[in-house]
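S.K.: Dropping a structure here in structure tokens format, bear with me for questions.
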Ligand SMILES: Cc1ncc(C[n+]2csc(CCOP(=O)(O)OP(=O)(O)O)c2C)c(N)n1
Ligand SMILES: [Mg+2]
């Protein structure tokens, strides 16, 4: 088998295997532990190596790449320190079911278990963070194990796979045939399952569909929307998965995120059938596990998921269907529509509630920078293919409530709630689609965690626009403080740099917005600059959510204490 194959170093075999898997882009922070891989990349110009500034940012970029393209994002980092920094992105890929391949340099094989320089047992460290962790101890096994890594990362419920590469293995010469590309394995729904699904839905009075999770191709998203429209089924999305069904369709009724509309939450509780497609129905989406009974959901639950292990987790479905999203959506779209469904008014009422929520809440006194109006302007301004990325924090309520997501545009946000995601995700999105408008939403807290990756964007010549919501605090935690310990502010106030000046220091575009009318010109100027941009929104810190103020929260908490 290997007789006529050239001898290659382990590092060269790694890069040959990546090429065979169809990898076109990889994100890295360099390390001496994997010099052979870097050197082999020198001879592989078809793989664009993006040099990042911190492994957390690089890992978020790889995660966002995977979320956006459906193909594994590839990350290269060095031993202990690099792997520790990268772990936040690995955890995010795990919670978000995103395919990802993490290549980590490791100490030489003959040094293992001496606690050599930067040595970490990656199998142990990443055990609860990754879908699979392996180490390649023979150069000849590089193609085999990388092929398995790509299969595991993309099949069933996708996730991150960590591959440790001992330094001396990368130098070792070996001969091996590379294999690829991977073929993601996904189940199809069976005919009996589909017939039962149709029967259960037809018998319902107040059905609602929930779409979420990963693995949604544009075609799958279009198919599930066709199914919803043909059956007039109201459809909502799980946390930060608002881009699956076009929010402008009359069947779309909102999202079950951290700031879910109370009317939608009440409606899902009142539904007699929940058809959950792709969503794990996790803690945030299930509103802290209050939407359904445990384990008996108390209503008909049809749960469709790519992984058998997720079916029957927490909630016991009436009907469980293991299927990939493209396979299920195509089959659902092909089902004969249910004639004269009984839930026409139920859907119309849910849609009317969603549309009413698009009208900004009135605040007294009205803030100089009215974020509701800014978001309404953006909703009209963003083209259909715009990519919106989001960090974690209360500011994310503004785009999540007021923007309308749709394909081929995207919403890329960490369902893991990891701060620091917004900027790196925007950089990765702009690298994948340089011709599209990419807008990253961040708070002042999250921006300062990974904002230096804006320099990566400038280095690569791409220009995402970052909207930085500055309230001079870790607002989310301040909100919880005011609810639990009113008036006792500790550990949540922030002092910030001049963000526009910071953008300029990077060589990017910077603007500061204090009043509503300043936003549109600043946005157009940022876009016209073609450079990476920060638009700092100096918001009224009182606006703690899209619906309430800090003042009101504190009053409520104090009243509750007094009574
Ligand atoms: C990496 C990380 N650290 C800490 C937290 C806890 N946390 C959640 S939201 C938040 C504050 C976010 O502040 P900011 O980015 O300014 O947004 P804001 O809530 O003020 O809008 C914190 C500290 C987290 N989710 N992720
Ligand atoms: Mg903040």
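S.K.: For residue 316 and residue 69 in one chain, what is 0.36 nm times their gap in residues minus the Cα-Cα distance, to one decimal in nm?
M.R.: Contour length minus Cα-Cα distance gives 85.7 nm.
S.K.: How much length is gained if the chain between residue 488 and residue 198 is pulled fully straight, taking 0.36 nm per residue apart and subtracting their Cα-Cα distance, in nm to one decimal?
M.R.: Additional length available on full extension: 99.0 nm.
S.K.: Rounded to the nearest 0.05, what FRET efficiency do residue 123 and residue 517 give with R0 = 56 Å and r taken as the Cβ-Cβ distance? Could you check?
M.R.: Approximately 0.50, to the nearest 0.05.
S.K.: If you don't mind, another one. Taking the alpha-carbon centroid of each part, what is the distance from the stretch 248-262 to the stretch 441-468 in angstrom?
M.R.: Between the Cα centres of the stretch 248-262 and the stretch 441-468 lies a distance of 28 Å.
S.K.: From the helices alone, meaning DSSP H stretches of at least four residues, give me the mean residue ellipticity at 222 nm for the chain, per-run term -39500 (n - 2.57), in deg cm²/dmol to the nearest 500.
M.R.: The per-residue figure over the chain is -11500 deg cm²/dmol.
S.K.: Would you mind computing, in nm to one decimal, how far apart the modelled labels at residue 335 and residue 116 are, each placed 7 Å from Cα along Cα→Cβ?
M.R.: About 5.6 nm separates the two model spin labels.
S.K.: What's the exposure ranking of 385, 246, going from fewest to most Cβ atoms within 10 Å?
M.R.: 385, 246
S.K.: Based on other C-beta atoms within 10 Å, arrange 113, 137, 296 from fewest to most.
M.R.: Least crowded to most crowded, the residues run 113, 296, 137.
S.K.: If the label point is 7 Å along Cα→Cβ of residue 218, which residues in the stretch 431-475 have backbone nitrogen under 14 Å from it?
M.R.: Within reach of a label on residue 218: 433-437.
S.K.: Could you tell me the center-to-center distance, by alpha carbons, between the stretch 480-539 and the stretch 145-176 in angstrom?
M.R.: Cα centroid to Cα centroid, the span is 41 Å.
S.K.: Using 7 Å Cα-to-Cβ label points, what is the residue 547/residue 380 separation (nm, one decimal)?
M.R.: 2.7
S.K.: To check you understand DSSP bridge types, tell me what percent of the beta bridges within the chain (both residues inside) are antiparallel, rounded to 5.
M.R.: Within the chain, antiparallel bridges account for around 5 percent of the total.
S.K.: Follow-up question, since we're still on this one. Zone of residue 188 (label point 7 Å along Cα→Cβ, backbone N under 11 Å): which residues in the stretch 320-336?
M.R.: Only 327-328, 331 pass the distance filter.
S.K.: Could you give the length gained on full extension between residue 84 and residue 495, defined as 0.36 nm per residue of separation minus the Cα-Cα distance, in nm?
M.R.: Residue separation times 0.36 nm, minus the Cα-Cα distance, leaves 145.2 nm.
S.K.: Label residue 477 and residue 359 with points 7 Å out from Cα along Cα→Cβ: what is the distance between them in nm?
M.R.: Once both label points are built, they end up 3.8 nm from each other.
S.K.: Give the peptides 432-440, 185-193, 220-228 in descending order of average Cβ contacts within 10 Å, highest first.
M.R.: The most tightly packed comes first, giving 220-228, 432-440, 185-193.
S.K.: Once you keep just the Cα pairs under 8 angstrom separated by 6 or more residues, what percentage relative contact order results for the stretch 312-407?
M.R.: 25
S.K.: Considering only C-alpha atoms, what is the centroid distance from the stretch 1-56 to the stretch 84-101, in Å?
M.R.: Distance between centres, Cα-based: 20 Å.
S.K.: Still on this structure: Once you have a ≥ b ≥ c as the square roots of the Cα gyration tensor eigenvalues for the chain, tell me rounded if a/c is under 1.5, and otherwise prolate or oblate according to whether a/b is larger than b/c.
M.R.: The shape class here is oblate.
Since every read-out is calculated from the coordinates, none of them should be taken as a lab result. Quick caveat: nothing in here was measured; it's all calculated off a predicted structure. Note: ideal-geometry Cβ built from the backbone for every residue, glycine included; neighbour counts use all protein chains shown.
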